[in-house]
Amino acid sequence: MPQIVLSKGKDAATDTPFEPCAATASHFLLSQGPTVLVLAHDTLALERRFQSHIDNITLISCDNVSERGAGRLVVTYDIGKTAIIWDLFTGEQISRFASYEPLLVAAWMRNGNIAFGMITATYLVNLH
């Protein structure tokens, strides 16, 4: 299991960059470079790794709101502008696509779609 060490002192903010993370009711997800670690929420035991990204991950978002996903779907996005939607329980890739502009935020909607925001526009992805 990875060790997380935080610096103390006036330079702590620049010494230890925060990695993208997200959580569901049963899992905690943390990126390490191009890999996402899926930890059990109560014990922090490593359950699986998502390892299909080539570049470092900059965004993780879990679907905690829709009836379809309900803590099961996760989207990850890397600096190479690749987004992957995963099934959290099986580790299977559901979808993979590239964006033309860097994504800044991802939000799951109640109907199971996902909205991606960037500086110039917002895109909706229909997973049905």
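The values are calculated or read from the model by the stated rules, or taken from the named source; none is laboratory data. Just so you know, these numbers come straight off a predicted model, no measurement behind them. Cβ: placed from backbone, ideal geometry, glycine included. Neighbour counts: every protein chain shown.
Quick check: anything in the stretch 27-48 modelled with pLDDT of 90 or more, hydroxyl-bearing (Ser, Thr, Tyr), over 13 Å from the mean Cα position of the chain (by Cα) and more than 12 Å from Cys62 (Cα to Cα)? Among the residues of the stretch 27-48, at least one is modelled with pLDDT of 90 or more, hydroxyl-bearing (Ser, Thr, Tyr), over 13 Å from the mean Cα position of the chain (by Cα) and more than 12 Å from Cys62 (Cα to Cα), which makes the answer yes. Note on the stretch 83-97: residues that are among the small types (Gly, Ala, Ser) and either outside any strand (DSSP E or B) or in contact with a Pro (Cβ under 8 Å, 6 or more places away or on another chain) (or both) total 1. Within the stretch 62-84, if we keep just the residues that are surrounded by 21 or more Cβ atoms within 10 Å (Cβ to Cβ) and hydrophobic (A, V, I, L, M, F, W, C), the residue that is farthest from Thr24 (Cα to Cα) turns out to be Ala83. Filtered by the rule that a residue be assigned to a loop (DSSP other than H, G, I, E, B) and within 21 Å of Ala98 (Cα to Cα), the stretch 20-36 gives Pro20, Gly33, Pro34.
Do we find a residue being touching a residue at least 12 places away in the same chain (Cβ under 8 Å), more than 21 Å from Met118 (Cα to Cα), in a loop (DSSP other than H, G, I, E, B) and among the acidic types (Asp, Glu) anywhere in the stretch 66-77? Yes, that holds for at least one residue. The set of residues in the stretch 37-61 being surrounded by 15 or more Cβ atoms within 10 Å (Cβ to Cβ), assigned to a loop (DSSP other than H, G, I, E, B) and hydroxyl-bearing (Ser, Thr, Tyr) consists of Ser52 alone. Considering Thr82, Thr90, the condition of being out of contact with any strand residue (DSSP E or B) (no Cβ under 7 Å at 6 or more places or on another chain) and on the phi < 0 side of the Ramachandran plot is satisfied by Thr90 alone. Considering only the stretch 69-97, state which residues are at pLDDT below 90 and closer than 19 Å to Pro20 by Cα. Listed by number, the residues that qualify are Gly71, Arg72.
Listed by first and then second residue, the pairs with beta-carbon distance under 8 Å, at least 6 apart or on different chains, first residue in the stretch 43-63 and within 14 Å of Gly91 (Cα to Cα), second exposed (fewer than 15 other Cβ atoms within 10 Å of the Cβ) and charged (D, E, K, R), are Ser52/Arg96.
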